[in-house]
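Novice: Take a look at the following structure, please.
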Amino acid sequence: MHWEKVRQEGIDFVFIKATEGHTFVDKMHKEYYKGAVKAGIAAGFYHFARFKNKMEAKKEAEHFIQTVKAFPADLPHVLDLEVASGASRSILSQAALVFLDLVKEKTGQDIMLYTYTIFAKRHLNSLLKYIPLWIAHYGVDRPGDNGIWERWQVFQYSDKGRINGIQGNVDLNVMMPSLPDHHREAKSNSDKKFYKIKKGDTFWDLETKNGFQHGTLEKLNPGIDPRKLQIGQNIVFPK
């Protein structure tokens with residue numbers, strides 16, 4: 001991998017595989033991270049899921065957290081979910097939320113879910129619709145209907161790209177311009193905590209009760225629709 005050449009090709013962000021399941025660690029994740037950062041490329045990490053239930057999801061989340069905690073990420077931590085392992089839509093979606101909530105809580109980083117269009121339609125449900133989406137759909141100009149999300153943050157449109165500095169085929173992605181800015185803003189603001197939505201909560205009421213300027217919660221939670229809050233949903237909350 002020659003990261004300087006990759007950067008010269010116009011590549012300005014990369015997601016690096018860190019872990020898979022509850023034991024596997026990609027031996028190249030440290031080297032790739034350091035090389036990308038040195039070349040001026042925004043770097044993030046992802047975990048390839050193998051869990052079938054919430055208990056396994058928690059174990060995999062803890063494994064991922066321990067692996068990446070020493071490396072400040074420029075991009076959200078990503079759960080790569082493309083294997084159902086026999087789990088139902090409901091169980092798999094609940095498990096994914098357990099993973100993502102734990103990673104967000106323990107690292108303070110933004111989170112994102114990676115999946116592909118057909119998998120989302122067959123194996124996931126609307127419990128995940130508030131999670132920022134990285135969607136894969138090859139051979140099309142825009143992702144097809146996945147049945148859950150109306151918008152995406154990153155679109156992977158090919159797995160057969162060729163980039164100078166990388167041997168062989170590589171995945172190609174396009175990112176919404178707002179994602180890096182939103183992530184860096186949240187990352188740089190350490191004076192915050194997390195709050196779990198309760199019955200009857202609205203951003204407006206929470207801001208009024210806690211003396212926050214109206215609009216604060218929406219700014220801190222760019223991936224959440226304030227009109228569609230769900231009980232148990234975690235949001236970023238100022239201290």
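Novice: What's the total number of residues in segment 208-239 that are under 26 Å from the mean Cα position of the chain (by Cα), assigned to a helix (DSSP H, G or I) and not hydroxyl-bearing (Ser, Thr, Tyr)? Steps first, answer last, please.
Specialist: The initial filter retains those residues of segment 208-239 that are under 26 Å from the mean Cα position of the chain (by Cα), namely 215-239.
Now drop any that are not assigned to a helix (DSSP H, G or I), which leaves 216-220, 226-228.
Okay, now just the ones that are also not hydroxyl-bearing (Ser, Thr, Tyr), so 217-220, 226-228.
Residues meeting the conditions: 7.
Novice: Given the conditions (1) assigned to a loop (DSSP other than H, G, I, E, B); (2) surrounded by 17 or more Cβ atoms within 10 Å (Cβ to Cβ), and given that residue 164 satisfies all but one, which numbered condition is not satisfied?
Specialist: If we test residue 164 against (1) assigned to a loop (DSSP other than H, G, I, E, B); (2) surrounded by 17 or more Cβ atoms within 10 Å (Cβ to Cβ), just (2) comes out false.
Novice: Also, I was wondering about something else. Mind telling me which of the residues 30, 52, 106, 58 ends up being in the same structural domain as residue 171 (by TED's automatic domain parsing) and modelled with pLDDT under 95? Please lay out each step first, then the result.
Specialist: Numbers: 30 fails: modelled with pLDDT under 95; 52 fails: modelled with pLDDT under 95; 58 fails: modelled with pLDDT under 95.
Matching residue, one of 30, 52, 106, 58: 106.
Novice: Which one of the conditions (1) on the phi > 0 side of the Ramachandran plot; (2) touching a Phe, Trp or Tyr at 6+ places or on another chain (Cβ under 6 Å) does residue 108 fail to meet, given that it meets all the rest?
Specialist: Single failed check for residue 108: (2).
Novice: Across segment 204-227, which residue is surrounded by the most Cβ atoms within 10 Å (Cβ to Cβ) among those that are under 26 Å from residue 176 (Cβ atoms) and either assigned by TED's automatic domain parsing to the domain that holds residue 177 or of a type in the set (Val, Ile, Thr) (or both)?
Specialist: 224
Novice: Considering only residues that are among the hydrophobic types (A, V, I, L, M, F, W, C) and surrounded by 19 or more Cβ atoms within 10 Å (Cβ to Cβ), which ones fall in segment 14-38? I'd like the intermediate steps shown before the answer.
Specialist: Filtering segment 14-38 down to residues among the hydrophobic types (A, V, I, L, M, F, W, C) leaves 14-16, 18, 24-25, 28, 36-37.
Within segment 14-38, 14, 15, 16, 18, 36 qualify.
Novice: Within segment 96-128, track down each residue that is in contact (Cβ under 8 Å) with a residue 40 or more places away in the chain and either in contact with a Cys (Cβ under 6 Å, 6 or more places away or on another chain) or basic (Lys, Arg) (or both).
Specialist: The answer is 104, 106.
Novice: Also: What residue, of 78, 98, is surrounded by 23 or more Cβ atoms within 10 Å (Cβ to Cβ), assigned by TED's automatic domain parsing to the domain that holds residue 158 and of a type in the set (Val, Ile, Thr)?
Specialist: Values: 98 fails: surrounded by 23 or more Cβ atoms within 10 Å (Cβ to Cβ).
Every option except 78 fails the conditions.
The values are calculated or read from the model by the stated rules, or taken from the named source; none is laboratory data. It should be emphasised that the depicted structure is a prediction, and the values quoted were computed from it without experimental measurement. Positions of Cβ are generated from backbone atoms using ideal geometry, with glycine treated the same way; all protein chains shown enter the neighbour counts.
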